[in-house]
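Written below as structure tokens is the structure these notes are about.
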Amino acid sequence: MPGRHHLFVPGPSNVPDRVLRAMHRAQEDHRSSAFPALTEGLLRDIRPVFGSTVARPFLFSATGTGMWEVAITNTLSPGDHVLAVRLGQFSHLFIDTAEKLGLKVEVMDLEWGESFDPQAIGDRLAEDRAHAIKALLVVHNETATGVTTDIAGLREAMDAAKHPALLFVDGVSSIGSLEFRQDAWGVDVAITGSQKGFMMPAGLGMVSLSPTAMERIETAGFKRHYFDLRPQVLHNDQGYFPYTPPLAHLFGLREALDMMQEEGLANIHARHARLGEGVRRAVAAWELRICARDPERRSNTVTAIVVPDGKDARHVIDHAYRRWDMALGSGLGRLNGKVFRIGHLGDLNEGMLLGALGLTELALHDAGIAVPLGAGVAAAQRWYRESE
Ligand SMILES: *Cc1c(COP(=O)(O)O)cnc(C)c1O
């Protein structure tokens, strides 16, 4: 089809031309004496994106899923008891990883679309006087449902319970788009990947470990090899990587971090809040339901929209793709067919989103969901105008 494809899945997100051009470069020697300047700049400039000055970041050729494994195997031991909240497909997969690696996972299950009360975790931790629970596994932004968790509140509840469990936070669809304060929230391991807020192709996994988490890497009982942080520490300290790093991704990350610095993190967060609210207003104008029940916890990076009973969200997605050249996110796991998702993160502005909302209205019609044409677009336009 002529014209640009409209990519509105919540990852991979749109890669800016600047980042594409930066990645389109000849390979070079990653052991040269010039190389540490690149490594050191990346490791320095990525820290503010995590909201940290004291945590230690690492980069791997991998995706977010691999970073779950990095977090677990470098700080815990087989058989350790951990507590996790399941409220959508990504928290489910995080739990699945923990179980497959051999942790004993205590799961707090919620309806998909619900958000959890940090106090419930605090109460459970307060009961655990022997401190059997070694870590808490949570997803900051559940991409499957569009629910954002209150991590600051969670840290308060953990502190009130005086519990020493490590706090692992998956920020794959939040870090770089939503405010993330690793130090202030006491996040021990923050996890992300390149293909969402960082506006890059998938392939670069990123983790950031608090000083407490860093102390555990010597004593963690898991066997590890590729994902072992110890050789990373040794080589990163010299400005190198133990294995061949994905050079194109490192060049891309340099450019993406430059772009993020130019815009400013606070402006990036405010832009996502504004763009996200426009989508929510459009959904309200369509009189459709947003999967995330609590309006306070609705995500500024992704909105999951519930289709009316008897309709199939897969038809909306397929019409959008085949007829209107737009990719919408599918319903994951048990939400398959029930919701479609609009990703609104990364390199995005009002014009792109108004286009996507207009095409979504057409695809809804194609699938037999006759929302008034233009109603969602107009609601978003009004919001973008008044919030300017
Ligand atoms: C995208 C995503 C992941 C990671 O998926 P990969 O495909 O391994 O990069 C993990 N958690 C959340 C919340 C995500 O949105």
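Descriptive notes on the structure:
- Per-region count, segment 289-302, residues touching a helix residue (DSSP H, G or I) at 6+ places or on another chain (Cβ under 9 Å) and either aromatic (Phe, Trp, Tyr) or surrounded by 20 or more Cβ atoms within 10 Å (Cβ to Cβ) (or both): 7
Matching residues to (1) closer than 27 Å to Ile121 by Cα; (2) among the polar types (S, T, N, Q); (3) in contact with a helix residue (DSSP H, G or I) (Cβ under 8 Å, 6 or more places away or on another chain); (4) not assigned by TED's automatic domain parsing to the domain that holds Ser194:
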{"position": "Phe35", "(1), (2), (3), (4)": "no, no, no, no"}
{"position": "Thr75", "(1), (2), (3), (4)": "yes, yes, yes, no"}
{"position": "Val82", "(1), (2), (3), (4)": "yes, no, yes, no"}
{"position": "Phe90", "(1), (2), (3), (4)": "yes, no, no, no"}
{"position": "Lys104", "(1), (2), (3), (4)": "yes, no, no, no"}
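- Met67 being buried (at least 20 other Cβ atoms within 10 Å of the Cβ) and within 16 Å of the ligand (Cβ to nearest atom): yes
Here is a yes/no grid of residues against (1) assigned to a loop (DSSP other than H, G, I, E, B); (2) under 24 Å from Glu111 (Cβ atoms):
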{"site": "Arg280", "(1), (2)": "no, yes"}
{"site": "Ala292", "(1), (2)": "yes, yes"}
{"site": "Thr303", "(1), (2)": "no, yes"}
{"site": "Ala327", "(1), (2)": "no, no"}
{"site": "Arg334", "(1), (2)": "no, yes"}
{"site": "Asp347", "(1), (2)": "yes, no"}
{"site": "Gly351", "(1), (2)": "no, no"}
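- Residue match in segment 189-196 (condition: crowded, with 24+ Cβ neighbours inside 10 Å, of a type in the set (Ser, Thr, Tyr) and more than 12 Å from the ligand (Cβ to nearest atom)): no
- Here the condition is being modelled with pLDDT of 95 or more, more than 20 Å from Gln182 (Cα to Cα) and not charged (D, E, K, R); of Gly64, Gly88, it holds for Gly88 alone.
- Scan of segment 133-142 for residues that are of a type in the set (Val, Ile, Thr) and within 12 Å of the ligand (Cβ to nearest atom), ordered by number: Val138, Val139
- Scanning segment 364-388 for residues that are assigned to a loop (DSSP other than H, G, I, E, B) and either loosely packed, with under 15 Cβ neighbours inside 10 Å or modelled with pLDDT under 95 (or both) turns up Gly368, Ala370, Pro372, Leu373, Gly374, Ser387, Glu388.
- Those residues of segment 320-363 which are β-branched (Val, Ile, Thr) and surrounded by fewer than 17 Cβ atoms within 10 Å (Cβ to Cβ), in sequence order: none
- When Met206 is tested against (1) touching a Leu at 6+ places or on another chain (Cβ under 7 Å); (2) within 12 Å of the ligand (Cβ to nearest atom); (3) not in a strand (DSSP E or B), exactly one condition is not met: (3).
- Scanning segment 74-109 for residues that are surrounded by 23 or more Cβ atoms within 10 Å (Cβ to Cβ) and among the polar types (S, T, N, Q), we see that the one that is nearest to Val139 (Cα to Cα) is Ser91.
- The residues of segment 164-187 that are among the acidic types (Asp, Glu) and within 13 Å of the ligand (Cβ to nearest atom) amount to a single one, Asp170.
- Every pair of residues 6+ apart whose Cβ atoms lie under 8 Å, when the first sits in segment 5-16 and is in contact (Cβ under 8 Å) with a residue 40 or more places away in the chain and among the hydroxyl-bearing types (Ser, Thr, Tyr) while the second is within 15 Å of the ligand (Cβ to nearest atom) and in a loop (DSSP other than H, G, I, E, B): Ser13/Gln195; Ser13/Lys196; Ser13/Gly197; Ser13/Met199; Ser13/Leu345; Ser13/Gly346
- Asp117 surrounded by fewer than 21 Cβ atoms within 10 Å (Cβ to Cβ) and within 16 Å of the ligand (Cβ to nearest atom): no
- Of the listed requirements (1) part of a helix (DSSP H, G or I); (2) outside the structural domain of Thr149 (by TED's automatic domain parsing), Pro308 misses just one: (1).
- Residue in segment 70-83 that is of a type in the set (Asp, Glu), over 27 Å from Ala22 (Cα atoms) and within 16 Å of the ligand (Cβ to nearest atom) present: no
- Residue that is under 27 Å from Gly176 (Cβ atoms) and basic (Lys, Arg), where the choices are Arg322, Arg298, Arg382: Arg298
- Among the criteria (1) over 22 Å from Gly333 (Cβ atoms); (2) surrounded by fewer than 22 Cβ atoms within 10 Å (Cβ to Cβ); (3) within 16 Å of the ligand (Cβ to nearest atom), the one Gly51 does not fulfil is (3).
- For Ile305: the one exception among (1) without any contact (Cβ under 8 Å) to a residue 40 or more places away in the chain; (2) surrounded by fewer than 17 Cβ atoms within 10 Å (Cβ to Cβ); (3) in contact with a strand residue (DSSP E or B) (Cβ under 7 Å, 6 or more places away or on another chain): (2)
- Restricting segment 143-153 to residues that are of a type in the set (A, V, I, L, M) and within 16 Å of the ligand (Cβ to nearest atom) leaves a set whose member that is nearest to Ile290 (Cα to Cα) is Val147.
The values are calculated or read from the model by the stated rules, or taken from the named source; none is laboratory data. Since we're looking at a predicted model, the values are computed, not measured. FYI the Cβ positions are ideal-geometry reconstructions off the backbone, even for glycines, and counts take in every protein chain you see.
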